Amino acid sequence: MNRTDIIRSLKSFFSLLLRKTLPLYVLAPAVCLYFLHQPICSAVRASGSAAFLILLAAFGAVLLNWLVYTVIHRKHPSLLVYAYGVFCLLLVDLIEYNAIPAYDPLASSLATIAGCLTFVFLFLLGFWFAARNTRLSRVFAVAAWITIGLLAFFMLFQILRDFESRKATSNTWIALLILIALIPAAFTYRMRSSFRRAMFRHRATGLAAGCIVQLIGETRLDLDGDPVTDYHARIEYTVDDVQYETRAEIYKLTMRWLGKKSLVGQEIAVHYDPANPADAYADRIDRHFLDGLEEDEPEQEAPSEPPADAPEKACL
């Protein structure tokens, strides 16, 4: 990005920030919390059950916000919207926690709730930044994971101290359960992706001989406006005299290592769903793709190379 594009992007960002984000998502909640701060503190000091009722009411308001978002935009809220709602709940919990003395039994419960909300907020924010697939967003995603790791380390340290001193309480066991729950939560996205991929591969029992007909690169713009190119091998295969097409992932470095002309025209195994032959996949092409072919045909004369501008090549 040149200097003009950077300035234009910054102007657009701050314009959106001042027109929509700042009034709706910063000023409005801040004003509400300012006027509700004193009533919340008074209610929590008067009754311990009021703290949980207030949190329940705040959760209801957040759910209503998510529902309105779904109706207006006709889609599910993004991870950022979910993270924002959890952050608002965290603020309400912290107001209640600061309103009561530290020796109050309710303080430990509110602190535990705040810890859970903090982890949920950081997880949602980290997943959202990781999904942006930009340099700056990846930095923020890593920062969120590091923060989660540090918080988990201090929690584990405190749990070990409680067990060593034989002062384990119900909050100690709750903290231990939170740490255990962090393990599947950290790998939720990968577990879902792996499960879906495994279910698809379980259905794809058919096998066909595919032919690499073209290597293509698709360029898109990321959120920073920088071009990003994804490379694929376009593969044709035939099932019951009907021709289909699928793709296989390939890295740019692999194409340089093996050469585009040596890859186009090679056969590759295609796995497809017999109930729907168009639903198929081929394994990613790595730099060892041609090793088996070279061993099987050591004395075969290499075919003449096609012209540089030839877009496709048919399998023999």
| said: If I model a spin label at PHE157 and LEU207 as a point 7 Å from the Cα along the Cα→Cβ vector, what separation in nanometres do I get? | reply: 5.5 nm
| remark: Label model pair PHE52, GLU249: point-to-point distance (7 angstrom along the Cα→beta-carbon line) in nm is 4.6 nm
| note | The ³J(HN,Hα) series, computed from each phi in the range 165-174 with the Karplus coefficients 6.51, -1.76 and 1.60 at θ = phi - 60°, rounded to the nearest Hz and given as x for glycine or proline, is 8, 6, 10, 5, 10, 5, 5, 5, 5, 5
| message | Between LYS261 and ARG196, what's the calculated FRET efficiency when r is the beta-carbon distance and R0 is 30 Å? Round to 0.05. | response | 0.25
| field | Volume of the Cα convex hull of the range 24-75, divided per residue and given in Å³ | value | 65 Å³
| field | List ARG201, ARG161, ARG132, ARG256, ordered by accessible area with a 1.4 Å probe, largest first | value | ARG256, ARG161, ARG201, ARG132
| field | Against the rule of thumb 2.2 N^0.38 Å, how large the Cα Rg of the range 99-165 comes out | value | 1.43
| query | Percentage of Cα-Cα pair distances in the range 65-205 greater than 19 Å, rounded to whole percent? | reply | 64 percent
| request: With a Förster radius of 51 Å, plug the Cβ-Cβ distance of GLN38 and THR229 into 1/(1 + (r/R0)^6) and report the FRET value to the nearest 0.05. | output: 0.35
| Two-site FRET efficiency, ILE72 against ASP286, from Cβ-Cβ distance with R₀ of 35 Å, rounded to 0.05 | 0.15
| said: Could you compute the net charge surrounding ILE113? Neighbours are other residues with a C-beta less than 10 Å from the C-beta of ILE113; K and R count +1, D and E count -1. | reply: -2
| task | Report the full-extension gain for the segment SER108 to LEU179: residue separation times 0.36 nm, less the Cα-Cα distance, to one decimal in nm. | result | 23.9 nm
| request: Could you work out how far apart the two model spin labels at THR238 and SER165 are, taking each label as a point 7 Å from the Cα in the direction of the beta carbon, and quote it in nm? | output: 7.7 nm
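The values are calculated or read from the model by the stated rules, or taken from the named source; none is laboratory data. No experiment lies behind these values; they were computed from the predicted model shown. Virtual Cβ from ideal backbone geometry, glycine too; neighbours counted across all protein chains shown. In case anyone asks, the SASA skips ligands and DNA or RNA and just uses the protein heavy atoms, side chains included. Shrake-Rupley method; radii C 1.70, N 1.55, O 1.52, S 1.80 Å.
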